[in-house]
1. Of all residues in region 122-180, how many are over 22 Å from Gly89 (Cβ atoms), acidic (Asp, Glu) and part of a helix (DSSP H, G or I)?
2. Can you pull out the residues in region 26-44 that are in a helix (DSSP H, G or I) and closer than 17 Å to Ala246 by Cβ?
3. Do we find that Gly68 is closer than 30 Å to Thr147 by Cβ and either exposed (fewer than 10 other Cβ atoms within 10 Å of the Cβ) or touching a Cys at 6+ places or on another chain (Cβ under 7 Å) (or both) in this structure?
4. Do we find that Ser130 is among the polar types (S, T, N, Q), on the phi < 0 side of the Ramachandran plot and over 21 Å from the mean Cα position of the chain (by Cα) in this structure?
5. Within region 16-39, is even one residue among the aromatic types (Phe, Trp, Tyr) and more than 30 Å from Gln239 (Cβ to Cβ)?
6. Tell me the residue from Ile182, Ile195, Ile231 that is buried (at least 18 other Cβ atoms within 10 Å of the Cβ) and either of a type in the set (Lys, Arg) or within 25 Å of Ala78 (Cα to Cα) (or both), please.
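Values in this text are rule-based calculations from the coordinates and carry no lab data. Just so it is clear, the model here is predicted, and its values are computed rather than measured. Here the Cβ positions follow ideal geometry from the backbone for every residue, glycine too, while neighbour counts run over all protein chains shown.
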Amino acid sequence: MRLGATRRRWLTPLTYLLWLLILCIWVLPLVWLVFSSLQPSDAIARSEISPTLTFDNYFEVFERANVGDFLVNSILVACGATALAGLLGIPAAYSIARWSTGGRDLAFWILSSRMMPPAVSIIPFFIMYSHVGIIDTVPGLVIAHLTFSLAFVIWMTQIFIQDVPVELEEAAQVDGASLWHIIVRVVLPVARSGILATLILNLVFSWNEYLFAFGLSLTERSRTLPVVAGIFVTSYQIQWGQMFAAAVIIMLPILVFVFLLQRYIVGGLTMGAIK
């Protein structure tokens, strides 16, 4: 008994130290990013740390880029791609989870589309969009984002739907519920945490996407926030202070959003862990 108590007495501080180490690994890069964005540009160029903090980098970012327009475009693209992925992906995930005899093979084939590098699809998208006339538009970016967001939603959602007991659907059928009512009133409420977590993660992926936003947007009319950081990388120099400030501006809205909805993410990702 004494040995077990002594072991627990040693394990508790070690556990706290381990969690503290993990926290530092995740938090310190963010703290360093914010701190660097407040450093004068000349201090960063000399690889020095200045005791004087300044917001000049942020002012220059707002002067050189239409941050407000980029922010609106990011919201429209991320929310539009997530909404369409949910509308199309949830019914597809339900059909795979409930009706497909080779459901796992089909789901893995859908997931394999995410294994294709986005750079491979840029040129085909650019050619098709040029012929259709949706190049440099927000709807064009939304459709392009569906190439990776839809597969993610289908793969994750069908896993959560499989955890819903089939007996609940059979009971609803006995009561005369249609398939649509079963999905909306039985399956979705039970798997709500997992589906919300999937959609939130999908929104984060879409928010951070850079390649499509840069390659399919010819002007500032449809460019999103991640493109702002690239403005300060030129052929002659990298303006680190302004780029750090742009990175903070890009990160802050989605960081606040995820922080406010973190309980849904944790609840969704742990769904099915405890039976």
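1. Within region 122-180, residues that are over 22 Å from Gly89 (Cβ atoms), acidic (Asp, Glu) and part of a helix (DSSP H, G or I) number 2.
2. Of the residues in region 26-44, the ones in a helix (DSSP H, G or I) are 26-37, 41-44.
Those that are in a helix (DSSP H, G or I) and closer than 17 Å to Ala246 by Cβ: Pro29, Leu30, Trp32, Leu33, Val34, Phe35, Ser36, Ser37, Ser41, Ile44.
3. For Gly68, the condition - closer than 30 Å to Thr147 by Cβ and either exposed (fewer than 10 other Cβ atoms within 10 Å of the Cβ) or touching a Cys at 6+ places or on another chain (Cβ under 7 Å) (or both) - is met.
4. When the stated conditions are applied, Ser130 passes them.
5. Taking every residue of region 16-39 in turn, at least one turns out to be among the aromatic types (Phe, Trp, Tyr) and more than 30 Å from Gln239 (Cβ to Cβ).
6. Details: Ile182 fails: either of a type in the set (Lys, Arg) or within 25 Å of Ala78 (Cα to Cα) (or both); Ile231 fails: buried (at least 18 other Cβ atoms within 10 Å of the Cβ).
Result: Ile195 is the single residue among Ile182, Ile195, Ile231 that is buried (at least 18 other Cβ atoms within 10 Å of the Cβ) and either of a type in the set (Lys, Arg) or within 25 Å of Ala78 (Cα to Cα) (or both).
Here is a yes/no grid of residues against (1) over 21 Å from Thr82 (Cα atoms); (2) out of contact with any Phe, Trp or Tyr (no Cβ under 7 Å at 6 or more places or on another chain); (3) without any contact (Cβ under 8 Å) to a residue 12 or more places away in the chain:
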{"site": "Ser130", "(1), (2), (3)": "yes, yes, yes"}
{"site": "Leu141", "(1), (2), (3)": "no, no, no"}
{"site": "Leu146", "(1), (2), (3)": "no, yes, no"}
{"site": "Leu150", "(1), (2), (3)": "no, yes, no"}
{"site": "Phe160", "(1), (2), (3)": "no, yes, no"}
{"site": "Leu168", "(1), (2), (3)": "yes, yes, no"}
{"site": "Gly176", "(1), (2), (3)": "yes, yes, yes"}
{"site": "Leu179", "(1), (2), (3)": "yes, yes, yes"}
